[in-house]
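Notes follow the structure.
FYI, it's all coordinate maths here, none of it is from the lab. Predicted model only: the values in this text are computed from it and were never measured. All Cβ positions, glycine included, derive from the backbone under ideal geometry; neighbour counts span all protein chains shown.
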Amino acid sequence: MIKAYAAFEPKGPLKPFEYDPGPLGAFDVEIDVDHCGICHSDLSMIDNEWGFTQYPLVPGHEVIGRIRAVGSHVSHLAIGDVVGLGWHAAYCMTCRSCMGGDHNLCGSAQATIAGHHGGFAEQVRAQAAAVVKLPEGVDPAKAGPLFCGGITVFNPLVQFNVKPTDRVGVIGIGGLGHMALQFLNAWGCEVTAFTSSPDKEKEALELGAHHTLNSKDAKALKNAAGRFDLLLSTVNVKLNWNAYISTLAPKGRLHFVGATLEPLDIGAFSLIGGQRSVSGSPVGSPTVIAQMLDFAAHHDLAPVVEHFKFDQINEAIDRLRNGSPRFRVVLSR
């Protein structure tokens, strides 16, 4: 039996829960969970905001732990390896996306916390292909958020061949944005932090931004016309997207990694005239996750986290739901 914490109703507290995972699959591994980040996606699933939560729900998809057991067909991981598990717990391994290395785009991928019990538990199981070993130089106590928030902002750098000479703006300096600033600075880009909070300006510069821009200042946005090669939006609220698009250089891109729920109100002429584009992306494939971890180790990058014990699970969730954590919340044993 696996001991875990589960939600039994929308917005309800998490309570102790046990379940029998059954026999370990031939291509699967079981992980002893040492740390697990709490992401806003966990809150969305707990509250059934997306409409497909199945209760009881064991959240947790930013897992760091040690391999406890391996299936008979697993050869690249061994008992005792320190590994991470993110949004996906399994892939079909046969579709065009999987065969092309884009496992994160697999239409049949198994989410770690949708129809599957996640990492707010003593153990969690996953397909070995979805599990990535931590390299030397990555702190396991801080690494959990890299497997969701971190890879979400790192993946576009790889997918769109972002150049070290590019000028990049990051919209929103929070759980995603603070990692984006670090990655982009180390990537070599000229980085501007868009923030509506003057209190975050100094911190944004410390995290890697070269400039800050007050996103509530219409004049500042207008003066930035044509400046950026890429805008990375990490927020989940509606903004004046046409004003942001006006700050893009010709062939510039407004890219969404924050789950903005309201439809985008964007004028076509601002895109057509400058050959600009609007796009979005999810987390990355296991290969890109491994690349991100190596990059983080090489440049000594890590999320800024607040730690709670696993038995403080509801306090930790309340901190994320109603507080202002700096910048990610992690459960640790």
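Considering Gly107, Gly118, Gly80, Gly51, the condition of being in a loop (DSSP other than H, G, I, E, B), at negative phi and free of Cβ contacts under 8 Å to residues at least 24 places away in the same chain is satisfied by Gly107 alone.
Restricting region 282-293 to residues that are under 17 Å from Gly144 (Cβ atoms) and not hydrophobic (A, V, I, L, M, F, W, C) leaves a set whose member that is surrounded by the fewest Cβ atoms within 10 Å (Cβ to Cβ) is Pro286. Identify, please: which residue in region 15-48 is in a loop (DSSP other than H, G, I, E, B) and among the acidic types (Asp, Glu) and is, among those, nearest to Phe308 (Cα to Cα)? The qualifying residue nearest to Phe308 (Cα to Cα) is Asp47. Regarding Ser233, is this residue surrounded by fewer than 17 Cβ atoms within 10 Å (Cβ to Cβ) and touching a strand residue (DSSP E or B) at 6+ places or on another chain (Cβ under 6 Å)? No, not satisfied. Somewhere in region 238-254, is a residue under 17 Å from the mean Cα position of the chain (by Cα) and either of a type in the set (S, T, N, Q) or surrounded by fewer than 17 Cβ atoms within 10 Å (Cβ to Cβ) (or both)? No, the conditions are met nowhere in region 238-254. For region 57-77, give me each residue that is in a strand (DSSP E or B) and surrounded by fewer than 24 Cβ atoms within 10 Å (Cβ to Cβ). Answer for region 57-77, where residues must be in a strand (DSSP E or B) and surrounded by fewer than 24 Cβ atoms within 10 Å (Cβ to Cβ): Arg66, Ile67, Arg68, Ala69, Val70. In region 141-165, the qualifying residues are those that are part of a helix (DSSP H, G or I) and aromatic (Phe, Trp, Tyr), and the one that is surrounded by the most Cβ atoms within 10 Å (Cβ to Cβ) is Phe147.
The lone criterion from (1) in contact (Cβ under 8 Å) with a residue 60 or more places away in the chain; (2) crowded, with 17+ Cβ neighbours inside 10 Å left unmet by Thr195 is number (1). Between a first residue in region 288-312 that is free of Cβ contacts under 8 Å to residues at least 12 places away in the same chain and a second residue that is outside any helix (DSSP H, G or I) and surrounded by 16 or more Cβ atoms within 10 Å (Cβ to Cβ), which pairs have beta carbons less than 9 Å apart while being 6 or more apart in sequence or on different chains? What qualifies is Asp311/Tyr5.
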